[in-house]
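What follows is a set of notes on a single structure, which appears directly below.
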Amino acid sequence: MVETIFGKPHLCPHRMAFTLDNWLRRLIQDPRSIMGPYLKPGHTAVDLGCGPGFFTVDMARMVEPQGTVIAVDMQPKMLEYVARKARRKGVAHRVRLHCSSEDRIGLDAAADFVLAFYVVHETADPPAFLSEILSFMNPGGRLLLVEPRFHVTREAFKRLEALVQAVGFSVEDCPRGKGGRSLLLTPRPD
């Protein structure tokens with residue numbers, strides 16, 4: 001396993017999905033408050049490392065009626081949770097599931113908004129991961145990157161901020177109240 005700016009990457013196993021999607025978390029991290037200022041009707045949005053779909057369903061409701069949400073995870077079991085939840089909540093027609101590999105997202109999209117919530121510290125190669133995100137974003141699109149304070153130190157997050165700029169993002173904001181250390185990023189014009 002490779003060391004990254006965060007130490008050794010780890011992946012939350014699908015068996016722990018219940019810890020990622022519950023009413024208590026919703027009280028602490030309200031998806032609409034977190035993404036509301038950035039996600040609009042008609043957007044193509046990507047939920048990277050979507051897990052069991054905590055953010056995915058709210059994203060699908062926010063992009064209605066013509067928008068799409070692409071739920072991306074490398075664990076097929078997590079995507080099964082998302083599919084069931086999206087059907088139950090009546091938004092399955094707006095949710096596309098995509099299974100990534102460990103070393104590549106592999107997404108063909110033109111994203112207006114990308115959410116990377118508590119996911120970059122879990123990747124084996126953050127520079128490649130961030131570069132790939134940049135490759136499928138629309139000009140003027142936004143990436144909301146949020147990392148947990150309990151896994152990502154202030155120093156590691158400063159290194160991450162330098163990294164996102166090195167791969168081609170501009171820092172638009174460091175929004176507060178998003179549930180962790182946060183950056184709002186846009187593709188830097190060439």
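Of all aspartates and glutamates in the structure, those lying under 12 Å Cα to Cα from Lys89, and not within fewer than 8 positions of it along the same chain, are Asp58.
What accessible area per residue comes out for the chain, rounded to a whole number of Å², with a 1.4 Å probe? Show your work: numbers first, answer last.
Numbers: 9300 Å² over 190 residues.
It amounts to 49 Å² per residue over the chain.
Test of understanding: what is the full-extension gain from Gln165 to Ser131, defined as 0.36 nm times their sequence separation minus their Cα-Cα distance?
11.2 nm
The alpha-carbon of Lys158 sits under 19 angstrom from the alpha-carbons of these lysines, leaving out residues fewer than 8 places away in its chain: Lys8, Lys178.
With each label modelled as a point 7 angstrom along the Cα→C-beta vector, the Lys158-Asp30 pair spans 3.4 nm. The structure-derived value of Rg/Rh (Cα atoms, Kirkwood Rh) appears in the list (1) 1.12; (2) 0.93; (3) 1.07 under the label (2). Taking 17 Å as the straight-line reach from the Cα of Lys77, the aspartates and glutamates in range (excluding those fewer than 8 positions away in the same chain) are Asp21, Asp47, Glu102. With both labels modelled 7 Å from their Cα along Cα-to-Cβ, the Arg88 to Arg188 distance reads 4.4 nm.
Within the accessible area of the chain, the carbon and sulfur atoms contribute 53%, probe 1.4 Å, all protein chains present.
Comparing Glu132, Glu155, Glu147 in a Gaussian network model of the chain where C-alpha atoms under 10 Å apart are linked, the largest mean-square fluctuation is found at Glu155. Each Lys or Arg adds one and each Asp or Glu subtracts one; over the other residues with Cβ under 10 Å from the Cβ of Leu185, this totals -1.
The values are calculated or read from the model by the stated rules, or taken from the named source; none is laboratory data. As the structure is a computational prediction, the values presented were derived from the model and not from experiment. Here the Cβ is made from the backbone with ideal geometry for all residues, glycine too, and neighbour counts use every protein chain on show. Surface areas here come from the heavy atoms of the whole protein model, side chains and all, with no ligands, DNA or RNA. Shrake-Rupley method; radii C 1.70, N 1.55, O 1.52, S 1.80 Å.
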